[in-house]
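Down below is the structure, laid out as structure tokens.
The values are calculated or read from the model by the stated rules, or taken from the named source; none is laboratory data. Note that the structure is a prediction, hence the values are computed from the model and not measured. Cβ sites come from the backbone with ideal geometry, for glycine too, and all protein chains shown count toward neighbours.
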Amino acid sequence: MEIGIVGKPNVGKSTFFSAATLAPAEIANYPFTTVEPNRGVAYIRAACPHVDIGKPCNPNNALCENGVRLVPVDMLDVAGLVPKAHEGRGLGNQFLDDLRQASALIHIVDASGGTDFEGNVCPPGSHNPVDDVNFLEDELAHWISGIIQRGWEKVARKAELEEVPIEKALHEKLTGLGFTEPQIHLAIRDSYMDVKPTKWTKEDTLRLGRNMQLRGKPMVIAANKWDVAPKENIDALKALEGRIVVPTSAEFELALRKAAKAGIIDYIPGAPEFTVKEGSKLSAGQTKALDKIAELMKRGGSTGVQQCVEETVRKLLNLIVVYPVEDETHWTDKKGNVLPDAYLIPRGSTAKDMAFKVHTDLGKNFIRAINARTKMVVGHDYEVKDNDVLKIIARA
């Protein structure tokens, strides 16, 4: 699973990416700083079950800090998007191509209103950030619609003649964009498309493109530069219907993570506060900066960056964390490692779905599972719960 960081140039995308992952990215106050995509790993927090059995865990794919499991999520920071990017303006074609495998997007918006559509600096408050939300969603819809339209007449005729379900025909055409047939089916339903695909117009495919983006590449809006944004801008973004909006200060979060890495402060990403370590020698400027960050966190509960990542994974993609084990009594693998792995799976997944997630052979040869918490045997259709610990039993 990959989350794409998107937005127009110069809104703090690379700062957000660096703050969320601590991966290096070029950051500057001018458009198109990012040309090649940056890749890194962010984490979502989950309560580690090792606390429940009173044994230290031996993490393999997800670190554990003070009883909090940090489950990795791949992140991608791409070049900025400008209006008419789908026609090739700016780095539009590259930007859109880089997003093919993203499961969800975090749209970084300059909530201060201090950058125009092209990403150029303008007086704070002079640009409406709501317009940025609308234009980016419009660009994505045009991008998807444009791909559908290429050679569509031939595809549609063949689908009608051979009575191929249109979802299947579209899925084959959009191979590589990460859309599933169920997502395509729901987007077609939501778009009220004609049952005969040969009758679809450009306006029809644009409407379909919008709904496919909502279904297959949903977005969380990060109202960035919250520390300097006018309240009315934040309120306007939060008032957008059907969107998840999280006020963020990527610059403050990056400063905190760097200070923690340098041993100056104790800070857990997403926490409502931090503490300066005893013996840390701070300059007057550092003290002033940390005081300013502390005031924002007191007002909002956090800098918003970690919350934004977790809202994307937990709420937008509706994923839960599950721990597979081979010994349901001691919660270990074959080597005796306690709770070595943590997996993200869609809420509503079954025990058999979980088996496929761990290994294809486990899924194909699934017999039953054991809920390690209750010691109850469960079948293939058992709906896995968040924080479950499961043993999968399969034919050898």
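Residues that are in a loop (DSSP other than H, G, I, E, B) and crowded, with 19+ Cβ neighbours inside 10 Å within region 329-348 comprise TRP331, LEU339, PRO340, ALA342, listed in sequence order. Would you be able to say whether some residue in region 15-24 is more than 26 Å from ILE320 (Cβ to Cβ), at pLDDT 90 or above and crowded, with 16+ Cβ neighbours inside 10 Å? Within region 15-24, one or more residues are more than 26 Å from ILE320 (Cβ to Cβ), at pLDDT 90 or above and crowded, with 16+ Cβ neighbours inside 10 Å. From the list GLY263, GLY270, the one residue that fits, being touching an Asp or Glu at 6+ places or on another chain (Cβ under 8 Å) and assigned to a loop (DSSP other than H, G, I, E, B), is GLY270. Within the option set GLY285, GLY279, GLY270, GLY336, being of a type outside the set (Phe, Trp, Tyr) and within 29 Å of ILE244 (Cβ to Cβ) holds for one residue only, GLY270. Selection of first residues in region 292-310 that are among the small types (Gly, Ala, Ser) and of second residues that are in a helix (DSSP H, G or I) and buried (at least 16 other Cβ atoms within 10 Å of the Cβ), restricted to Cβ pairs under 7 Å at least 6 apart or on distinct chains, gives an empty result.
When VAL325 is tested against (1) within 26 Å of the chain's Cα centre (by Cα); (2) modelled with pLDDT of 95 or more; (3) not acidic (Asp, Glu), exactly one condition is not met: (1). Close Cβ contacts (under 7 Å, 6 or more residues apart or on different chains) running from residues in region 110-135 that are free of Cβ contacts under 8 Å to residues at least 12 places away in the same chain to residues that are hydrophobic (A, V, I, L, M, F, W, C) comprise ASP116/CYS122.
Taking the criterion of being surrounded by fewer than 21 Cβ atoms within 10 Å (Cβ to Cβ), part of a helix (DSSP H, G or I) and in contact with a strand residue (DSSP E or B) (Cβ under 7 Å, 6 or more places away or on another chain), would at least one residue in region 211-234 satisfy it? Yes, region 211-234 has at least one match. The residue of region 273-322 that is surrounded by the fewest Cβ atoms within 10 Å (Cβ to Cβ), among those that are hydroxyl-bearing (Ser, Thr, Tyr) and under 21 Å from the mean Cα position of the chain (by Cα), is SER302.
Selection of region 163-188 for residues being small (Gly, Ala, Ser) and surrounded by fewer than 17 Cβ atoms within 10 Å (Cβ to Cβ) yields GLY176, GLY178.
Conditions tested, residue by residue: (1) among the charged types (D, E, K, R); (2) under 23 Å from the mean Cα position of the chain (by Cα); (3) more than 22 Å from ILE221 (Cβ to Cβ).
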{"position": "ASP132", "(1), (2), (3)": "yes, yes, no"}
{"position": "GLN149", "(1), (2), (3)": "no, no, yes"}
{"position": "GLU153", "(1), (2), (3)": "yes, no, yes"}
{"position": "PRO165", "(1), (2), (3)": "no, no, yes"}
{"position": "LYS173", "(1), (2), (3)": "yes, no, yes"}
{"position": "GLY176", "(1), (2), (3)": "no, yes, yes"}
{"position": "MET193", "(1), (2), (3)": "no, no, yes"}
{"position": "THR198", "(1), (2), (3)": "no, no, yes"}
{"position": "LEU206", "(1), (2), (3)": "no, no, no"}
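Condition test on LYS202, is it under 12 Å from ILE144 (Cα atoms), more than 20 Å from the chain's Cα centre (by Cα), surrounded by fewer than 19 Cβ atoms within 10 Å (Cβ to Cβ) and not aliphatic (A, V, I, L, M)? The answer is yes for LYS202.
Of the residues SER191, SER145, the single one that is at pLDDT 90 or above, closer than 26 Å to LEU99 by Cα and surrounded by fewer than 20 Cβ atoms within 10 Å (Cβ to Cβ) is SER191.
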